[in-house]
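Structure, as structure tokens:
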Amino acid sequence: MRVIGLMSGTSYDAIDAAAADLELVGDSLVLKPLGMVSETYDGEVRELLAAALPPGTTTLGEVCRLDTRIGQAFAAAAVRADRELCAGRAELVASHGQTVYHWVSGEAVHGTLQLGQPAWIAEATGLPVVADFRPRDIAAGGQGAPLVSLVDLLWLRGRPGRPVALNLGGIANLTAPDGTAFDTGPGCALIDAAARGFSGGSLAYDADGALAARGRVHGPLLDRLLEEPYYALPAPKTTGKELFHLGHLRDALAGFGTLPAEDVVATLTMLTARTVADAVRSVAATEVIGSGGGMRNPVLMGMLGSLLPAVAVRASDELGLPSDAKEAYAFAVLGFLTLHGLPGTEPASTGARRPSVLGSVTPGRDGLRLPPPGRRPRRLLVD
């Protein structure tokens, strides 16, 4: 089955559309990557998103406009992916949507909201669409994240040692071989927020770690940031920009006077490296397979390497899944599993009571014809 996976992470810098041929062969799910295209949100949507995301406030009218405009943007990305990557022969779209709120209270998750109305995708492509993946796991008592953990477990099964999968997006998450999975804390979220704040909005992120490279880590600020109680919570746990936003940084900076922007960004980069390294050590990992935008920040990767001198850190590209596209491919897999009536969660990873078949299905132009139920795969092979 030819599937397009759509993903836009907490950094909302682009919609990634990755296409794959997926086939159940015995106890394996075989994935053949077909490539990825990316589409940036237009300026209006980015402004609406920036204003609506925590700690901002919004209205139901703005939520409705965002749900429509994001759905239309995802639809355009899917149409392009079908044309350029699938020669017009895609059979399914799996859309993560855009997370705008993750309702966490203490150690429990009560709800989550991803926008991007799938009807626009189905109408534009004519294909069935699986969307709204996270709520079912939450309804079963889980965290609703990180959902890529099941894909990571299937993909890394049988690899020697104790490999862990690490995603360095706006929020960083980790999956260990025993199924333990959790958000480690801010990946690039606070770094991005500082870059935008200090530049008056002219910078969306710290490109190539340039700001951090010119700064020095401020020890007392780092210590204060590390006092955040989230880091001490046991797994499974999830977080988001509801916690790690510009206001969080401003609170931490109180009383330090005016620090150079470069020093603040260097300190936040070390915060990410430190919290990720602590998480990697907590699961006794021998190897880190990384993906996500943070992998392109050489200062962050240098700090992480210095904190984990005995642990090999390599990009997921070396194992056949492009780092920038890995999450989009993961949701293509989850959509495929849903259409075949197969669970897309591992309870050990999310804390749910049971594995769940995820998402809701929007029929395509020709209605909905489900394939025969498949056999639950034990591993993912990248061809």
Item checked: All positions within the range 155-182 that are open to solvent by less than 10 Å² (accessible area, probe 1.4 Å) and in a helix (DSSP H, G or I) -> none
Check: Before we move on, is G141 open to solvent by 20 Å² or more (accessible area, probe 1.4 Å), touching a Gly at 6+ places or on another chain (Cβ under 9 Å) and either charged (D, E, K, R) or within 17 Å of T238 (Cβ to Cβ) (or both)?
Finding: yes
Margin query: Given the options A277, A204, name the one that is surrounded by fewer than 23 Cβ atoms within 10 Å (Cβ to Cβ) and not in a loop (DSSP other than H, G, I, E, B).
Written below: A277
Check: Among the residues of the range 230-248 satisfying the criterion of being in a helix (DSSP H, G or I) and within 25 Å of L150 (Cβ to Cβ), which is most open to solvent (accessible area, probe 1.4 Å)?
Finding: Y231
Next item on the list: Would you mind telling me which numbered condition in (1) under 22 Å from L334 (Cα atoms); (2) open to solvent by less than 30 Å² (accessible area, probe 1.4 Å) L66 fails?
Entry: (1)
Checklist line | Subset of the range 124-138 (residues that are open to solvent by 10 Å² or more (accessible area, probe 1.4 Å) and of a type in the set (D, E, K, R)) | finding: D132, R134, R136
Item checked: Elements of type helices (runs of 4 or more DSSP H) contained in the range 281-383, each with 2 or more residues being crowded, with 21+ Cβ neighbours inside 10 Å, hydrophobic (A, V, I, L, M, F, W, C) and within 18 Å of the chain's Cα centre (by Cα) -> 326-339
Notebook entry, point to check: Give me the pairs: first residue in the range 272-283 and closer than 18 Å to H218 by Cα, second residue among the aliphatic types (A, V, I, L, M) and buried (at least 21 other Cβ atoms within 10 Å of the Cβ), beta-carbon distance under 7 Å, and six or more apart or on different chains, which are they?
Noted result: T272/A172; T272/I191; T272/L300; A273/L300; A273/M303; A273/L304
Margin query: Where the second residue is at pLDDT 95 or above and open to solvent by 10 Å² or more (accessible area, probe 1.4 Å) and the first is closer than 14 Å to R136 by Cα and of a type in the set (V, I, T) and lies in the range 329-342, which pairs have Cβ atoms under 6 Å and are six or more apart or on separate chains?
Written below: T338/V357; T338/G359
Margin query: I'm trying to understand the selection: among the residues of the range 89-121, which are modelled with pLDDT of 95 or more and either over 21 Å from V148 (Cα atoms) or among the small types (G, A, S) (or both)?
Written below: R89, A90, E91, A94, S95, G97, G111, G116, Q117, A119, W120, I121
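The values are calculated or read from the model by the stated rules, or taken from the named source; none is laboratory data. Note that the structure is predicted; figures quoted are calculated from it, not measured. Cβ atoms come from the backbone with ideal geometry, glycine included; neighbour counts cover every protein chain shown. What goes into the accessible areas is simple: the full protein's heavy atoms, side chains included, and nothing from ligands, DNA or RNA. Shrake-Rupley method; radii C 1.70, N 1.55, O 1.52, S 1.80 Å.
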